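Novice: My questions all concern the structure below.
The values are calculated or read from the model by the stated rules, or taken from the named source; none is laboratory data. Everything quoted here is computed from the prediction, not taken from an experiment. Please note: Cβ atoms are built from the backbone with ideal geometry, for glycine as well, and neighbour counts cover all protein chains shown. Note: accessible area is taken over every heavy atom of the protein model, side chains too, but ligands, DNA and RNA are not part of it. Shrake-Rupley method; radii C 1.70, N 1.55, O 1.52, S 1.80 Å.
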Amino acid sequence: MDHASSSAPGRVVLALEDVGKSFGAVAALRGARLELHAGEAHALVGENGAGKSTLVKILAGVHGPDTGRVLLDGQPVTLADPAAARAAGIAVIYQEPTLFPDLSVAENIFMGRQPLLPGRRIDRRTLARRCRELFDRLGVALDPDRPARGLSIADQQMVEIAKALSFDARVLVMDEPTATLSGVEVERLFAVARSLRDSGAAVLFISHRFDEVFDLCDRITVMRDGQWVSTDLARDLTVDQVVRRMVGREVSSLFPKVDVEPGDVVLEVRGLTTRGVFSDVSFDVRAGEIVALAGLVGAGRSEIVRAVFGVDTYDAGTVRVSGKALRKGDPAAAMAAGIALVPEDRRQQGLVMELSVERNATLTRRWQLARAGLLSSRAERAQAAEWSTRLQVKAGKLSDPVSTLSGGNQQKVVLAKWLSTEPRVLIVDEPTRGIDVGTKSEVHRLLSQLAAEGLAVVMVSSELPEVLGMADRVLVVSEGRLVDDIPRARADEDSVMLAATGQGAPSAGAAR
Amino acid sequence: MSAPATKSPAALPEELAAPERTGRRGSALVHRLFVVRELGILAALVLLVLVTVVANPRFLSGQNVRDLLLSAAILTVLAAGQTMVIVTRNVDLSVGSVLGLSAYATGTLLVVAPGTPVVVAVLAGTAVGAVCGLVNGLVVAAAGVPSLVVTLGTLYAFRGLDSLWASSADRLQINAADLPAGFKALGGARLLGVPVLFLVAVAVVLLVGWYLRTFRSGRELYGIGSAPEAARLSGIPVGRRVLTAFVVNGALAGLAGVLYAARFQTLDTTAGTGQELFVVAAAVVGGVAIFGGSGSVYGAALGALLLTTIGTALPQLGLDPFWRDAAVGALILAAIALDRALQLRLAARLRGRNARRDR
């Protein structure tokens, strides 16, 4: 069942053999495998964090593998940098468009490969003509001479596709290219991918949308936790089988969520909308409840909680805390009303890495701790010590810079910083990302304990086991909408995953 | 959310393949805005000259204009080089010191070997600058240190080297009397009534402008400044390009040092002090975005001309020279405000263009 090469249409163009790649202590890939045949469209699927994007970056020459080999036409190759990958005939369309905003669309497409006149001068006329030809082929109405700045995300993605198309790639890699495209644009993209495939190129397609995967692809490779799971002909598989292989693990009992009788509604979100990001998001969170926002990366979960907290403003809707409406785009008001947000990226947004543990832990309370406008070190230290003890922060000295702590302990300092404001609603965005397993369960124990003390907790998480283990209710976000509200009893990996990928039947009156 | 499955073969379905062709208006618009930007500086320049002429008709006398062009020449050469560095989202603050070092090196060469042909002297001064630029570029590109910090350091280091050299050679000042006549003639030379030094500056601007617009590596400099990560992903050799920009800028600062020596003919170790910020100001006033990616060398050259003209016009208007700094400051703020306004306008117009695409 794991190899289908006998019935594959062509020879192997590109292969990855037992590729491993680590970033610091985190192993993104361990024994990843992939075989792309000439003239096939091949799907690569897996959960968030399964290692798909790392694999793409290895193919693109952005990262070099720590272990294993990359084979091109059966010969081992080193893709030292993106230029080398491109020279090898590998074109990559990234999830996030990577354009030069100040340069024209045509220059973006042909950067470094502009057609030349004698004397190595750029032939601008041919450049514009070839750009128009590409756009005609893609059916896009864009002016080749306009700057890339101000293009909609979908148009940017079309420019990326034109770029990949422009250098007759032997291998076309598309990392979730359809997330921002409309139906017609997806169809155009697929038509192009099919014509490339039929002319003998290998197409690697990464997507969470199973209908597209099954529509376009001949074979499907499943990855989980950085490892290869299976490769099969698409026609031998069903969506259910693929989903089961993607999640394929036991929900561990690492997550000691204490059952709490929920109290009054504390946080009330109604019709929250930011055009183009998320729309009509409504939900309640009660005291003592942990509500998880689940969904795929890019579904809009972080954007929703940022809007609730007021870091970002929004176009429509209301946020109420204990019945009192919050002014939009005003984090200070949100804090005063009792909301705390522990952001996704603690290094960038949660901590001042160079400052000491105690300074960081008391940053949110610096005005209360100050006397006559001057901070008292003693008051800071007392407060920091109290919270560090409660959260069991393992630090050498409280005066050490936060950057010297481990990821898990850094996260505890961020929690301490926000818990010291005595919030009523705690929003945590990816609370355990990049944290080792032991500390992870400590963070979970802490969140559970806080909920038991009557805190309303909103948790954004891409890790399904964490969502299922911790949440009283799972709100599933897909493409900027709340598509499902699954109570703990009904939530399992399949139901959440299917809803997140747009496969689940939307339950009646979702998310109220 | 999903597209219906089409089982059509490779050919694009007819209804999808027919794009609605929109006019060239997008590019025309962008082009117009750039022209507006450069015409704006030109208009300010013309206005300034007109006002000054009304107050003092002798402002446009031949000698006065020639002096103005001579002063502008040096700043213009520096601004052309600086533009190359700034479009890559870097900055070179050491150019004033490089100018000083190169001027002193050229002077010393001519004092020690008075028979040196002028061309060799020019090349020598330029080479000194190129070496300085190489030092800057290597530290920035290879060590990945922000250019602001690196060139702030070399600003003092190169100046220190200059002083050290002058004191150890016991030649703290080089006077006109020490320099060979052939070289001094360069400072006053004219072609069809126009100072040769100014023609050199014009040639530099045209060359750099042509390079930036016409060659792949020139466009890549803009790409690097516009989106460094995208530049890396598209396989642009970012380090090498940035290094090149610094070397060329250093060479041009060296050339400016030679021009300085030819024009003033009295050289000490303070030559070019403080020029670096004036150069950056000229580029910014000329519409070169300080965060890289956009702006032209022609704009920067006009900026240099405008700043120089302000310096000479204000005394003619009977204003205290103190007002020069204030005027330059006001001009920088006005330029930034104008750039922002144009950018917002452009963004709004381009958004309108997206909206017509029915989604």
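Novice: Please work out which residue is farthest from A:R301 (Cα to Cα), limiting yourself to the stretch A:404-432 and to residues that are among the basic types (K, R) and either touching a His at 6+ places or on another chain (Cβ under 7 Å) or open to solvent by 10 Å² or more (accessible area, probe 1.4 Å) (or both).
Specialist: Per the stated criteria, the residue is A:K417.
Novice: Among the residues of the stretch A:152-181 satisfying the criterion of being at pLDDT 80 or above and facing another protein chain (nearest Cβ under 9 Å), which is most open to solvent (accessible area, probe 1.4 Å)?
Specialist: A:K163
Novice: If we scan the stretch A:56-70, do we find a residue that is touching a Lys or Arg at 6+ places or on another chain (Cβ under 9 Å), within 26 Å of B:R213 (Cβ to Cβ) and buried (at least 17 other Cβ atoms within 10 Å of the Cβ)?
Specialist: No, there is no match, as no residue in the stretch A:56-70 is touching a Lys or Arg at 6+ places or on another chain (Cβ under 9 Å), within 26 Å of B:R213 (Cβ to Cβ) and buried (at least 17 other Cβ atoms within 10 Å of the Cβ).
Novice: From A:V321, A:V281, which residue is farther than 22 Å from A:E430 by Cα and modelled with pLDDT of 90 or more?
Specialist: Testing whether each residue is farther than 22 Å from A:E430 by Cα and modelled with pLDDT of 90 or more leaves just A:V321.
Novice: Another one. So is A:A106 more than 9 Å from chain B (Cβ to nearest Cβ) and open to solvent by less than 10 Å² (accessible area, probe 1.4 Å) or not?
Specialist: yes
Novice: Something else now. Regarding A:L237, is this residue assigned by TED's automatic domain parsing to the domain that holds A:L29, in contact with a Phe, Trp or Tyr (Cβ under 9 Å, 6 or more places away or on another chain), farther than 23 Å from A:A299 by Cβ and modelled with pLDDT under 90?
Specialist: In short, yes.
Novice: Is there any pair linking a residue in the stretch A:291-306 that is aromatic (F, W, Y) to one that is in a helix (DSSP H, G or I), with Cβ under 6 Å and at least six apart or on different chains, and which?
Specialist: Final answer for the pair search is none.
Novice: Of the residues B:G254, B:G225, B:G235, which is touching a helix residue (DSSP H, G or I) at 6+ places or on another chain (Cβ under 9 Å) and on the phi > 0 side of the Ramachandran plot?
Specialist: The conditions single out B:G235.
Novice: Which of (1) part of a helix (DSSP H, G or I); (2) farther than 25 Å from B:G235 by Cα; (3) open to solvent by 30 Å² or more (accessible area, probe 1.4 Å) is the odd one out, the single condition A:F190 does not satisfy?
Specialist: The failed condition is (3).
Novice: Of the residues in the stretch B:171-202, how many are open to solvent by 50 Å² or more (accessible area, probe 1.4 Å) and closer than 30 Å to A:L117 by Cα?
Specialist: 2
Novice: So, one more: Picking from B:T76, B:T88, which residue would you name as being within 14 Å of chain A (Cβ to nearest Cβ), open to solvent by less than 30 Å² (accessible area, probe 1.4 Å) and modelled with pLDDT of 80 or more?
Specialist: B:T88
Novice: Right, another one. Test A:R121 against the stated conditions and say whether it is within 24 Å of A:E187 (Cα to Cα) and facing another protein chain (nearest Cβ under 9 Å).
Specialist: No; evaluated as a whole, the condition is false for this residue.
Novice: Find all pairs meeting these conditions: Cβ atoms under 6 angstrom apart; at least six residues apart or on different chains; first residue within the stretch B:246-272 and of a type in the set (D, E); second residue modelled with pLDDT under 95.
Specialist: B:D268/B:Q173
Novice: I would also like to ask the following. Specify the residue that is farthest from the other protein chains (Cβ to nearest Cβ); the eligible residues are those in the stretch A:130-151 that are among the acidic types (D, E) and out of contact with any strand residue (DSSP E or B) (no Cβ under 7 Å at 6 or more places or on another chain).
Specialist: A:E133
Novice: State whether the residues of the stretch B:264-278 include one that is within 26 Å of A:L117 (Cα to Cα) and either of a type in the set (G, A, S) or within 14 Å of chain A (Cβ to nearest Cβ) (or both).
Specialist: No, the stretch B:264-278 has no match at all.
Novice: What number goes with the only condition from (1) closer than 17 Å to B:T273 by Cα; (2) over 19 Å from the mean Cα position of the chain (by Cα); (3) open to solvent by less than 10 Å² (accessible area, probe 1.4 Å) that B:L110 does not pass?
Specialist: Here B:L110 meets the rest and fails (1).
Novice: Can I ask one more? Sort out which residues of the stretch A:303-321 are open to solvent by 60 Å² or more (accessible area, probe 1.4 Å) and assigned to a loop (DSSP other than H, G, I, E, B), and write them in order of number.
Specialist: Within the stretch A:303-321, A:V311, A:T313, A:D315 qualify.
Novice: If you don't mind, another one. Somewhere in the stretch A:66-73, is a residue within 9 Å of chain B (Cβ to nearest Cβ) and either among the polar types (S, T, N, Q) or touching a residue at least 40 places away in the same chain (Cβ under 8 Å) (or both)?
Specialist: no
Novice: Condition check: under 23 Å from A:G338 (Cα atoms), buried (at least 22 other Cβ atoms within 10 Å of the Cβ) and at pLDDT 85 or above. Does A:V457 satisfy that?
Specialist: It is true that A:V457 is under 23 Å from A:G338 (Cα atoms), buried (at least 22 other Cβ atoms within 10 Å of the Cβ) and at pLDDT 85 or above.
Novice: Further question: Quick check on my filter: what residues within the stretch A:379-396 are in contact (Cβ under 8 Å) with a residue 40 or more places away in the chain and open to solvent by 70 Å² or more (accessible area, probe 1.4 Å)?
Specialist: Within the stretch A:379-396, just A:Q392 meets the criteria.
Novice: Kindly indicate which of A:S388, A:S356, A:S376 is assigned by TED's automatic domain parsing to the domain that holds A:M459 and modelled with pLDDT under 75.
Specialist: Exactly one residue qualifies, and that residue is A:S376.
Novice: Is there a residue being assigned to a helix (DSSP H, G or I) and over 30 Å from A:A87 (Cβ atoms) anywhere in the stretch B:187-195?
Specialist: yes
Novice: What number of residues within the stretch A:127-147 are of a type in the set (D, E) and open to solvent by 70 Å² or more (accessible area, probe 1.4 Å)?
Specialist: Qualifying residue count, the stretch A:127-147: 1.
Novice: Just checking, how many residues over the stretch A:89-103 are more than 25 Å from the chain's Cα centre (by Cα), more than 7 Å from every other protein chain (Cβ to nearest Cβ) and either of a type in the set (K, R) or open to solvent by 20 Å² or more (accessible area, probe 1.4 Å) (or both)?
Specialist: Result for the stretch A:89-103: 0.
Novice: Within the stretch A:80-87, does at least one residue satisfy the condition of being over 17 Å from B:V238 (Cα atoms) and buried (at least 18 other Cβ atoms within 10 Å of the Cβ)?
Specialist: Within the stretch A:80-87 (the criterion being over 17 Å from B:V238 (Cα atoms) and buried (at least 18 other Cβ atoms within 10 Å of the Cβ)), the answer is no, since none of the residues qualifies.
Novice: Only one of these is hydrophobic (A, V, I, L, M, F, W, C) and assigned to a loop (DSSP other than H, G, I, E, B): A:A162, A:A169. Name it.
Specialist: Every option except A:A169 fails the conditions.
Novice: Filter the stretch B:321-342 down to the residues that are charged (D, E, K, R) and closer than 16 Å to B:T52 by Cβ and list them by number.
Specialist: B:R324
Novice: Give the residues of the stretch B:54-73 that are among the aliphatic types (A, V, I, L, M), farther than 30 Å from B:V139 by Cα and open to solvent by less than 40 Å² (accessible area, probe 1.4 Å), sorted by residue number.
Specialist: Selection gives B:L68, B:L69, B:L70, B:A72.
Novice: While we're looking at this one, here's another question. If I filter the stretch B:241-261 for residues that are within 14 Å of chain A (Cβ to nearest Cβ), surrounded by fewer than 24 Cβ atoms within 10 Å (Cβ to Cβ) and under 30 Å from A:A88 (Cβ atoms), do I get at least one hit?
Specialist: yes
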